[in-house]
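The values are calculated or read from the model by the stated rules, or taken from the named source; none is laboratory data. Predicted model only: the values in this text are computed from it and were never measured. Note: ideal-geometry Cβ built from the backbone for every residue, glycine included; neighbour counts use all protein chains shown. SASA here: full protein model, heavy atoms, side chains in, ligands and nucleic acids out. Shrake-Rupley method; radii C 1.70, N 1.55, O 1.52, S 1.80 Å.
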Amino acid sequence: MIDITRPIACITGMGSAVPEGRLTNAELEKTLDTTDEWITDRTGIRCRHIARPDESMLSYTLKAAHQAMEQAGVTAADLDGIVFATVTPDRRLPSVACDLQAALGAKPAWAFDLVAACPGWVYALSVAEGMMATGLGETILVVGAEKLSMITDRDDRNTAILFGDGAGAGVLRRVRPGEDRGILATYLGADGDLADLLYIPGGGAADPFTEEVLRERRHYMKMAGREVFKAAVLAMSRSSDEAIRRAGMPPESIDLLVPHQANLRIIEAAAKHAGIPMSKVFCNLDRYGNTSSASIPLALTQAQAEGVLKPGMIVMLAAFGAGFTWGSVVLRW
Ligand code: ACO
């Protein structure tokens, strides 16, 4: 690891948005062999927001982006770049980052999508910080947004209970001299040997779309839930340990942990491992379920709006997801 002087970049504005449609556990009970009690006990999720089939991801992402830019006090002309983390772009080509750039009127900011599943926003934050370090921008929009309903099999009780749609965005800008805030440490990792624990078998280049793919529902997510659970606790724990170590501070210094919102039991196990009490952990998965790369920016926006996240706090972000991928960031808010 090369030593660099941090902080280079800080988050100056956050925004989030979800589609209006809601799907409660009570509604899932009507179509699946499951119960509200089972879902709540095993996951902590009570409700998710689900976009209409004809509702684009860009439509709600745009609201999140505008909110983040307004809070940061920047206009589209100030943006040097857009990093957009997603596994469910509105279309395959071009990137949804370019669609967002056009919708915002942010020309000629560079723009691209990044695929890292649930830690996507944490990866994107690190990529944007790196872009800043190499002189490719002073103000960068970092987005995490998903329309997971597009890749979730409504007939599969393993996955249908977990996932929701949503968008989150943050404005990252270069730290000014004398400013005591920003990203203090990051840690990213992956293990491609675990790919088959959570994947979409069909519809890609290796198994292109055919009637058979659709009939066999191979265009939907397949998940080995129990194995993902174990790998997730391990990944979150290891990556939090490493980010705290790199930040050079004891776990007690963390004022707020904002984890990926996948399952309350995974969050509790990872927080316990890190030595962080649940009173310092922000959770909103009861309302939104797992929104993948939108989950952390959605939680940060809400934590800020509720007055839980305050300037000067030491915050840790920790996420894991399909790949397997994981990542943690420690920052001073
Ligand atoms: N409703 C009722 N019963 C269920 C349901 C359901 N929705 N799902 C499973 N069951 C049953 C099982 O059939 C099993 O029954 P059995 O004991 O008779 O065999 C029993 O409940 C226990 O099943 P487990 O799979 O062991 O349940 P578990 O406690 O592990 O919970 C869950 C399942 C919620 C999927 C959990 O494993 C989990 O959250 N895993 C992590 C998933 C995750 O976070 N995925 C996202 C990754 S991030 C990304 O990149 C998208």
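Tabulated results
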{"read-out": "Looking only at the stretch 129-150, and only at residues there that are of a type in the set (D, E) and not in a helix (DSSP H, G or I), the one that is least open to solvent (accessible area, probe 1.4 Å)", "value": "E146"}
{"read-out": "Residues of the stretch 69-100 satisfying the condition of being touching a residue at least 60 places away in the same chain (Cβ under 8 Å) and in a loop (DSSP other than H, G, I, E, B)", "value": "G73, V74, L79, D80, T86, V87, T88"}
{"read-out": "Boolean, R217 is open to solvent by 40 Å² or more (accessible area, probe 1.4 Å) and free of Cβ contacts under 8 Å to residues at least 40 places away in the same chain", "value": "no"}
{"read-out": "Near pairs, Cβ below 6 angstrom, 6+ apart or cross-chain, from the stretch 136-165 (under 30 Å from G182 (Cα atoms)) to any residue that is within 12 Å of the ligand (Cβ to nearest atom) and open to solvent by 10 Å² or more (accessible area, probe 1.4 Å)", "value": "none"}
{"read-out": "Helices (runs of 4 or more DSSP H) (entirely within the stretch 207-318) containing at least 1 residues that are of a type in the set (G, A, S)", "value": "225-247, 264-274, 295-305"}
{"read-out": "Condition check for M221: modelled with pLDDT under 95 and within 12 Å of the ligand (Cβ to nearest atom)", "value": "no"}
{"read-out": "Residue match in the stretch 255-272 (condition: more than 16 Å from the ligand (Cβ to nearest atom) and among the small types (G, A, S))", "value": "no"}
{"read-out": "Filtered residue count, the stretch 102-128, keeping only those that are in a helix (DSSP H, G or I) and surrounded by 24 or more Cβ atoms within 10 Å (Cβ to Cβ)", "value": "7"}
{"read-out": "One residue from H49, H66 being open to solvent by 80 Å² or more (accessible area, probe 1.4 Å) and of a type outside the set (K, R)", "value": "H66"}
{"read-out": "Selection within the stretch 177-208 - of a type in the set (S, T, Y) and open to solvent by less than 40 Å² (accessible area, probe 1.4 Å)", "value": "T186"}
{"read-out": "Pairs, first free of Cβ contacts under 8 Å to residues at least 60 places away in the same chain in the stretch 224-236, second open to solvent by less than 20 Å² (accessible area, probe 1.4 Å) and more than 9 Å from the ligand (Cβ to nearest atom), C-beta under 7 Å, six or more apart", "value": "V233/A270"}
{"read-out": "Filter result (more than 14 Å from I244 (Cβ to Cβ) and open to solvent by less than 30 Å² (accessible area, probe 1.4 Å)) within the stretch 303-321", "value": "A303, L309, A319, F320, G321"}
{"read-out": "Residue list for the stretch 151-174, restricted to those being outside any strand (DSSP E or B) and in contact with a Lys or Arg (Cβ under 7 Å, 6 or more places away or on another chain)", "value": "D153, A160, G164"}
{"read-out": "Some residue of the stretch 300-315 being within 14 Å of the ligand (Cβ to nearest atom), in contact (Cβ under 8 Å) with a residue 24 or more places away in the chain and under 15 Å from the mean Cα position of the chain (by Cα)", "value": "no"}
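One line per residue, one yes/no per condition, for (1) under 23 Å from W121 (Cβ atoms); (2) not aliphatic (A, V, I, L, M):
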residue: G164; (1), (2): yes, yes
residue: R174; (1), (2): yes, yes
residue: D191; (1), (2): yes, yes
residue: G202; (1), (2): no, yes
residue: A205; (1), (2): no, no
residue: P208; (1), (2): no, yes
residue: R217; (1), (2): no, yes
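Residue by residue, here is whether (1) open to solvent by 10 Å² or more (accessible area, probe 1.4 Å); (2) more than 22 Å from C10 (Cβ to Cβ) holds:
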site	(1), (2)
I244	yes, no
L256	no, no
P259	no, no
E268	yes, yes
A271	no, yes
P277	yes, yes
V329	no, no
W333	yes, no
